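The values are calculated or read from the model by the stated rules, or taken from the named source; none is laboratory data. Values in this document were obtained by computation on a predicted structure and should not be read as measured data. Using ideal geometry, Cβ is built from the backbone for each residue, glycine included, and neighbour counts are taken over all protein chains shown. Surface areas here come from the heavy atoms of the whole protein model, side chains and all, with no ligands, DNA or RNA. Shrake-Rupley method; radii C 1.70, N 1.55, O 1.52, S 1.80 Å.
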Amino acid sequence: MQPKKLSKEEIFELTSQIRRSFASIGYNISEGSGRNSDKEFANFINIALGSSNKAENQLILAKIWITLRKMIIKIFYPD
């Protein structure tokens, strides 16, 4: 019996993390634009950049995770 590729819980957790990271980008830019100085705005832009990097990393890891899972299934559950 071949296991499922991703459980509903795994998909929910992964998409939830990615969604929060992408939302954080906009939130930080928006919050920074309402600040009183360029220095404060730059700080929020840097935070948004960090969120962008985090979201990119989550997508890369998700792809690697899915690829590895497929490989493991092929090895242990050949057709």
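Structural remarks
- Filter pass, G50 being loosely packed, with under 13 Cβ neighbours inside 10 Å and over 30 Å from P78 (Cβ atoms): no
- Scoring F44 on the criteria (1) closer than 16 Å to Y27 by Cβ; (2) open to solvent by 80 Å² or more (accessible area, probe 1.4 Å) leaves a single failure, condition (2).
- Taken as a whole, the structure places A42 among residues that are modelled with pLDDT of 95 or more and over 30 Å from F76 (Cβ atoms).
- The one condition from (1) open to solvent by 80 Å² or more (accessible area, probe 1.4 Å); (2) within 18 Å of the chain's Cα centre (by Cα) that A23 does not meet is (1).
- Residue count for region 1-39 satisfying the condition of being closer than 29 Å to T67 by Cβ and either at pLDDT 95 or above or not acidic (D, E) (or both): 22.
- Top-ranked residue of region 34-79 - restricted to ones that are in a helix (DSSP H, G or I) and of a type in the set (G, A, S), ranked as nearest to Q17 (Cα to Cα): A55
- Test: residue in region 66-79 that is within 28 Å of E10 (Cβ to Cβ), modelled with pLDDT of 90 or more and either open to solvent by 50 Å² or more (accessible area, probe 1.4 Å) or touching a helix residue (DSSP H, G or I) at 6+ places or on another chain (Cβ under 8 Å) (or both): no
- Count - residues of region 18-45 that are of a type in the set (F, W, Y) and within 19 Å of Q58 (Cα to Cα): 2
- Pairs meeting the criteria (first residue in region 15-35 and free of Cβ contacts under 8 Å to residues at least 60 places away in the same chain, second residue aromatic (F, W, Y), beta carbons under 6 Å, at least 6 apart or on different chains) are N28/F44; E31/F44; G32/F41; G32/F44; R35/F41.
- Whenever a residue of region 67-79 is under 15 Å from S7 (Cβ atoms), it has no partner that is open to solvent by less than 90 Å² (accessible area, probe 1.4 Å) and in a helix (DSSP H, G or I) lying with C-beta atoms less than 8 angstrom away and at least six residues away or across chains.
- Which listed residue, of A62, A55, is in contact with a Leu (Cβ under 7 Å, 6 or more places away or on another chain), modelled with pLDDT of 85 or more and not β-branched (V, I, T): A62
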